[in-house]
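The block underneath contains the structure these notes are about, expressed in structure tokens.
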Amino acid sequence: MKVENKYTQKYVLTTNYYDPNNNIGVQGTLDLFQNIAARHAFLLGAGKTHLEKLNLAWVIARTEIEYVTYPETPLEVEVMTWPRPATRFYFDRYYKIVNPVTNEVIAISRSRWVLIDVESRKIVGADRYDYPLTFYHEEEPFDHPFPRPSVSENKVGEYIVRPSDIDENGHLNNSKYGNIISDYLDLKKEQKIKSITINYANEAFEGEVITISREIESSKIIIAGHKGDTIVFNSEVIIK
């Protein structure tokens, strides 16, 4: 079977993908990217079952999403993804959501993944796994390095990690952070998210309490989460 360096899948979106203003929500976007990344990884021989044999697991370290257009509830979208060559520790993957009716790009994104040893929970080098690709799709929609969000210290609330938040790796699923962040944006109806960057710093587990902090700087909102003195995530949201 030929291994494709770029993978495309159509998705029919249900209401849970949208925010109250009928735009694709952050968690809905992250769900799409998580799903298609898992599908492509499986086809590349890098799915969960493949990596378990190597005592490895994928963990996401960073995500950046840029919303380009804001269509009114398209029922079907086309999502595509492609990996880039690994560096010493990082496996970067790109994504695009397209409205197949108009061919307009709805969003572009990239995520940075690392491999961890399942037992030690520590990051291992990228030399532990190689994609079986002879060449990579070269499109790179971003012309800047991953943003590095600052960390807010202004406490605005708490979040208790629920059993329904946990994924197959036993920690708070990366898409769930989308809802946590969205809950503290306090956007007005006419406001839309232009871009969001999430830095996943440390794992969070069921029952843990995450302290949420926030800073608002004009069109930029910084939202971070801590458990004690340990930062769990920090994010930067740019409002259009």
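Average the reciprocal distances over every distinct pair of alpha-carbons in the range 31-101, invert the result, and give the Kirkwood radius in Å.
Roughly 14.0 Å, rounded to one decimal.
Could you calculate the contour length gain from Phe205 to Lys6, that is, 0.36 nm times the residue separation minus the distance between their Cα atoms, to one decimal place in nm?
Length gained, Phe205 through Lys6: 68.3 nm.
Rounded to the nearest 500 deg cm²/dmol, what is the calculated helix-only ellipticity per residue at 222 nm for the chain, with -39500 (n - 2.57) per DSSP H run of length n ≥ 4?
-4000 deg cm²/dmol
Percentage of Cα-Cα pair distances in the range 90-185 greater than 18 Å, rounded to whole percent?
Within the range 90-185, distances greater than 18 Å cover 69 percent of Cα pairs.
Less than 18 Å from a label point 7 Å out along the Cα-to-Cβ axis of Tyr70: which backbone N atoms in the range 201-225 qualify, by residue?
218-221
Using +1 on the beta carbon of Lys and Arg, -1 on that of Asp and Glu, and nothing else charged, what's the dipole of the chain about the Cα centre, debye to 20?
Computed charge dipole of the chain: roughly 240 debye.
Set the Förster radius R0 to 30 Å, insert the Cβ-Cβ distance between Arg128 and Ser164 as r into 1/(1 + (r/R0)^6), and round the FRET efficiency to 0.05.
Using R0 = 30 Å, I get an efficiency of 0.40.
Kindly identify the range 1-140 as rounded, prolate or oblate by the Cα gyration tensor criterion: order the square roots of the eigenvalues as a ≥ b ≥ c, call it rounded if a/c is under 1.5, otherwise compare a/b with b/c, prolate if a/b is larger, else oblate.
prolate
Hey, what's the chain come to in accessible area per residue, 1.4 Å probe, Å²?
Numbers: 12220 Å² over 240 residues.
Per residue, the chain has 51 Å² of solvent-accessible surface.
Against the globular-protein guess of 2.2 N^0.38 Å, express the Cα radius of gyration of the range 126-240 as a ratio, rounded to two decimals.
Dividing the Cα radius of gyration by 2.2 N^0.38 Å gives 1.23.
About its Cα centre, how strong a charge dipole does the range 76-187 have in debye, to the nearest 20, once Lys and Arg get +1 and Asp and Glu get -1 at the Cβ? Walk me through the numbers on the way to the answer.
On the way: 13 positive and 19 negative charges, 79 e Å.
Using only the charged Cβ atoms, the result is roughly 380 debye.
Please report, as a whole percent, how much of the solvent-accessible surface of the range 73-183 comes from carbon and sulfur atoms (probe radius 1.4 Å).
Carbon plus sulfur share of accessible area: 48 percent.
The values are calculated or read from the model by the stated rules, or taken from the named source; none is laboratory data. Just so we're clear, the structure is a prediction, and the values are computed from it rather than from any experiment. No Cβ is skipped: glycine too gets one built from the backbone with ideal geometry, and neighbour counts run over all protein chains shown. For accessibility, only protein heavy atoms count, side chains too; no ligands or nucleic acids. Shrake-Rupley method; radii C 1.70, N 1.55, O 1.52, S 1.80 Å.
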